[in-house]
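Written below as C-alpha cells is the structure these notes are about.
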Amino acid sequence: MIHFNPKTRTFNLILRSSVYAMQVDNKSRLVHLAWGPRPEGGNAVLSGRIRPTLSDHASFEFQTRRDELLTFGDTTTHEVTLKASFATLPDPLPDGDAPHLPIRDVRLRYVAHEVVTDAQPGLAPAHGLPTANSKPRETLRIKLADPVQPLTVTLCYRLTPEQDIIERWLELENTGDAPIEIEQLFFGALHLPNGTTELTSVSGAWAQEFQTQRERLPIGRRVIEHRSVQTGHAANPFFLLNRPGQVWEEHGTVYFGALAYSGSWQLSFEQLHSTDVRVHGGYHPADF
C-alpha cells in the first residue's frame with residue numbers, strides 16, 4: 001500500500017513486514033525518513049520529524065542530510081546518485097560577469113506525485129503456482145525538478161508487498177533545447193540504519209560461482225563492480241547488509257538489494273564518519 005499524508009507531506013510504502021518512509025521538507029527537498037520492519041501494533045504509517053543532521057551540531061560535516069536522490073550540487077563531498085553538466089546558462093549574466101561553463105550543479109525539488117496501478121502482478125511463490133496477489137501492482141511516481149536548469153527527474157517505486165520488494169528506477173527528462181551531459185547515474189540511493197555495516201556479497205569464476213564474501217564496511221567507500229558489457233562470473237549485482245552479530249539464517253533484520261541489470265554496473269557502499277550508511281547502485285560511471 002502507498003500512503004501519502006498531505007498535511008505532513010509524508011510518503012509511506014507499506015509492505016507485508018516492512019515500511020519505507022520519506023518526506024518533503026520545508027524547502028521542497030525529498031528526504032528519507034526510515035526503512036525497516038513495520039511497527040508492531042497495527043499502525044504502520046510513519047509521520048515523524050526528519051531527524052537532525054550532523055550539520056546541526058558540527059561544522060566539519062555538513063552533508064549528512066538523507067536526500068532520497070543525492071545529486072552533485074546539494075552534495076559535493078560524498079557519493080551521489082546523479083551528476084549532470086549543463087553547457088549553457090539558464091539566464092543571461094549581468095554585464096561584466098564571466099560564465100563558468102559547464103555548470104555542474106543539480107538541485108532537485110518536489111513538484112508532484114502520482115500513484116499508478118498498471119504493473120503486472122508479482123511473482124508466484126513457487127514455480128508453477130499462481131501468484132500470491134493477482135491484482136496489478138502499485139507504482140509511486142514522484143516528480144522532482146531543478147528550479148533553474150531544464151531537468152526533471154521522476155523517482156519510481158513499484159511495490160510487491162507480499163514479497164517485501166520495492167523496485168526502483170529513475171526517469172530523466174531534458175525540458176530545454178540544449179543537450180545535458182549525464183556524467184553519473186545510479187538507479188537509486190538507499191539509506192540504512194546506522195551500524196548496518198556487515199556486507200555479504202558473492203563473486204567467483206567458472207565452476208566456482210557464488211563464492212560468499214562477508215566483511216565490515218570501512219569508513220569511506222567499498223565498491224562492487226563489473227565493467228564488461230556482458231554478464232560474468234567475477235561479480236554479482238547483489239548484496240546483503242545487517243548489523244554485525246545480530247542475524248543468522250532464521251532471525252534478525254537483513255537489508256538486501258539486487259540490480260535488474262548485469263552489464264557494466266556498480267554497487268557503491270559508503271559509511272560516513274557520522275556512521276550513516278548509504279548504498280548506490282546502477283550504471284558504472286567509468287566511460288559512462
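Computed from label points 7 Å out along Cα-Cβ, the spacing between VAL254 and ASN174 is 4.3 nm. Spin-label model, TYR261/GLU215: points 7 Å from Cα along the beta carbon direction are separated by 2.3 nm. Only one residue of GLN266, PHE11, LEU172 has its Cα farthest out toward the positive end of the dipole of the chain, where Lys and Arg carry +1 and Asp and Glu -1 on Cβ, and that residue is PHE11. Mean-square fluctuations from a GNM of the chain, with a 10 angstrom spring cutoff on Cα atoms, peak among GLY252, GLY232, GLY195 at GLY252.
Between amide H atoms placed 1.01 Å from N, distances below 5 Å from ASN236 occur with VAL202, all of them 5 or more places distant or on a separate chain. Between GLU225 and ASP164, the contour length at 0.36 nm per residue exceeds the alpha carbon distance by 19.4 nm. Matching the structure-derived Kirkwood radius over Cα pairs in Å against the labelled list [x] 21.8; [y] 22.9; [z] 20.7 gives the label [z]. Enumerate lysine pairs in the chain that are 8 or more residues apart or on different chains, then count those whose Cα atoms are under 19 Å apart. Summing the qualifying lysine pairs gives 4. Within segment 1-30, which residues have the backbone N less than 17 Å from the label spot 7 Å out from ASN133 along Cα→beta-carbon, could you tell me? Correct set: 1-4, 12-21. Comparing Cα centroids, segment 246-265 and segment 182-211 end up 8 angstrom apart.
Of the residues ILE182, VAL115, TYR20, the one whose Cα sits farthest towards the positive end of the charge dipole of the chain is TYR20 (charges of +1 on Lys and Arg Cβ, -1 on Asp and Glu Cβ, taken about the Cα centre). The simple spin-label model puts a point 7 Å past each Cα toward its Cβ; for SER28 and ALA286 those points are separated by 3.9 nm.
Over the C-alpha atoms of segment 151-288, the Rg to Rh ratio, Rh being the Kirkwood estimate, stands at 0.99.
When each of the peptides 115-122, 268-275, 33-40 is scored by the mean number of other C-beta atoms lying within 10 Å of its residues, the order from highest to lowest reads 268-275, 33-40, 115-122. With a Förster radius of 45 Å applied to the beta-carbon distance between VAL247 and THR88, the computed FRET efficiency rounds to 0.30.
None of the figures in this text is laboratory data; all of them are computed from the coordinates on show. Bear in mind that the values here come from a model prediction, so they are computed numbers and not experimental data. Glycine gets a Cβ as well: all are built from the backbone with ideal geometry, and neighbour counts include every protein chain shown.
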